[in-house]
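These notes concern the structure reproduced below.
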Amino acid sequence: MSNDTTIRWGIVGAGRIARRFAQGLAHVPGAVLSGVWSRRPEPARALAAAFGARAFDSFDALMGGIDALYIATMQDSHPQYALAAFSAGKPVLCEKPAAVNARTLQKMIDTARASKLLFMEAMKPPFYPLYGQLRAHLAADPIGAIGLVRAGCSMANVPLDHPSYSMDSGGGALLDIGVYEAFLAVDWLGEALDVQTIGRLGPTGVDTFASLNVRHERGVAQLFCGMDLQGRGDALIGGTLGTATIHENWWNPARATVRYLDGRTVELDAPFEGGGLNYETAHFCELLRAGAIESPVMSHATSMRMIAIIDAARRDLGLRFPFESE
Ligand SMILES: NC(=O)c1ccc[n+]([C@@H]2O[C@H](COP(=O)([O-])OP(=O)(O)OC[C@H]3O[C@@H](n4cnc5c(N)ncnc54)[C@H](OP(=O)(O)O)[C@@H]3O)[C@@H](O)[C@H]2O)c1
């Protein structure tokens, strides 16, 4: 694929995030929305029509008309569509969580690698301008050895009929929100060595609140996620010489404050455009043109480390989905 190839995207699923992805594509150089397929034809037709794309009659037909697939269904079906796309020779950008457990994710990664196809979990925060600016700032003017990540997000207004409340879809706050926090902890502190979780399961059986203390290779993370009460959405990275606060909502990062023990304060401000999903999409397109099969920013190992934390937390809470085999 040459540097000026226009990448034709297909989307499976036609819900909330699919629409945001389609909106974001307008901000991605050399990318167009080519086709959409979902299990119900009407939402797929409406989404395709809104963005000048074609609604396909089947997943297999969609595979025939695209260069890359964005998986925007709920997480119970991510593996099924990723594996089918790999069989059809298509690279995959897969919404988070790429799979509900490490065993399934490993199978997806192994298949992508064996097929020599690009596969990336759509974990958006590291691709925002602010996150890159923060990384560069902390490299140039460090806050010492980083040993603490504190991140939380809990929203009290998730309606009971939202898919995040569905056991059959692999819902729950851990997989919906906690996975972002697991990313932040892994990104700054390395692999998790020990996870201790306190939380509760709600009326539908999925977790509605969880508080995690995680011991990592290089420090400790304190994380919380929830769907039945209101909590702040900022994140703190702590080092021996200072702190960096990514202001809410930290998973759509636009502002950060770095405070040093010597009294200095540095404000970082980097507004984002296009809704934010466009940055990870642009990165994926660049990788695809370069012939890469893995992102150096959102690597397979990072995805595995993230889901290992969620697996451990779910074990602590006794949460198992009906479609998970032994
Ligand atoms: N990166 C982010 O910022 C972000 C934000 C929100 C969500 N997400 C992730 O995006 C995914 C989707 O979330 P959402 O809020 O967009 O959910 P949603 O609004 O319920 O949309 C899901 C779409 O996928 C379709 N679908 C579900 N299961 C399917 C299957 N087995 N086969 C074919 N189509 C299927 C649904 O069809 P029906 O209409 O028939 O149900 C619907 O069109 C989740 O994994 C979530 O974690 C990411």
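The values are calculated or read from the model by the stated rules, or taken from the named source; none is laboratory data. For clarity, every value in this text was computed on a predicted model and none was experimentally measured. Neighbour counts are summed over all protein chains in view; Cβ atoms, including those assigned to glycine, are modelled from backbone coordinates with ideal geometry. Accessible surface is based on the protein model in full, side chains and every heavy atom, while ligands, DNA and RNA are left aside. Shrake-Rupley method; radii C 1.70, N 1.55, O 1.52, S 1.80 Å.
What to note about this one:
- Cleavage-rule hits, trypsin sites (Lys or Arg not before Pro), the stretch 255-326, DSSP coil, Cβ neighbours within 10 Å at most 10: ARG264
- Stretched out straight at 0.36 nm per residue, the stretch from ASN249 to ARG8 would grow longer than its current Cα-Cα span by 83.7 nm.
- DSSP beta bridges confined to the chain are antiparallel in about 60 percent of cases.
- In the stretch 199-272, GluC sites (Glu not before Pro) in a DSSP loop with at most 13 other beta-carbon atoms within 10 Å: GLU217
- Three-way shape label, the stretch 167-326, alpha-carbon gyration tensor, a/c 1.5: oblate
- Shown for the stretch 167-242 is the translational diffusion coefficient from the Stokes-Einstein equation, using the Kirkwood radius over Cα pairs, a temperature of 20 °C and a viscosity of 1.002 mPa s: 163 µm²/s.
- Pair-distance distribution of the chain: all C-alpha pairs, bin width 20 Å, starting at 0; shares per bin in whole percent are 32, 59, 9, 0.
- Surface composition of the chain: carbon plus sulfur atoms contribute 51% of the solvent-accessible area (1.4 Å probe, protein chains only, all chains present).
- Long-range Cα-Cα pairs in the stretch 86-135 (distance over 12 Å), rounded percent: 67
- Approximate shape of the stretch 19-109 as ellipsoid semi-axes (Cα gyration tensor, √5λ), whole Å, largest first: 22, 14, 13
- Taking amide H as placed 1.01 Å from N in the peptide plane, the amide H of ILE7 sits under 5 Å from that of ALA31, VAL32, each at least 5 places away or on another chain.
- The stretch 135-231: antiparallel DSSP beta bridges as a percent of all, rounded to 5: 70
- Charging the Cβ of each Asp and Glu at -1 and of each Lys and Arg at +1, and nothing else, the dipole of the stretch 219-326 about its Cα centre rounds to 200 debye.
- What the phi angles of the stretch 142-153 give under the Karplus curve with 6.51, -1.76 and 1.60, with θ = phi - 60°, is a coupling list of x, 9, x, 6, 7, x, 9, 10, 10, 8, x, 7 Hz, glycine and proline written as x.
- Here's how it looks for LEU148: its modeled amide H is under 5 Å from those of VAL220, GLY238, which are all 5 or more places away or on a different chain.
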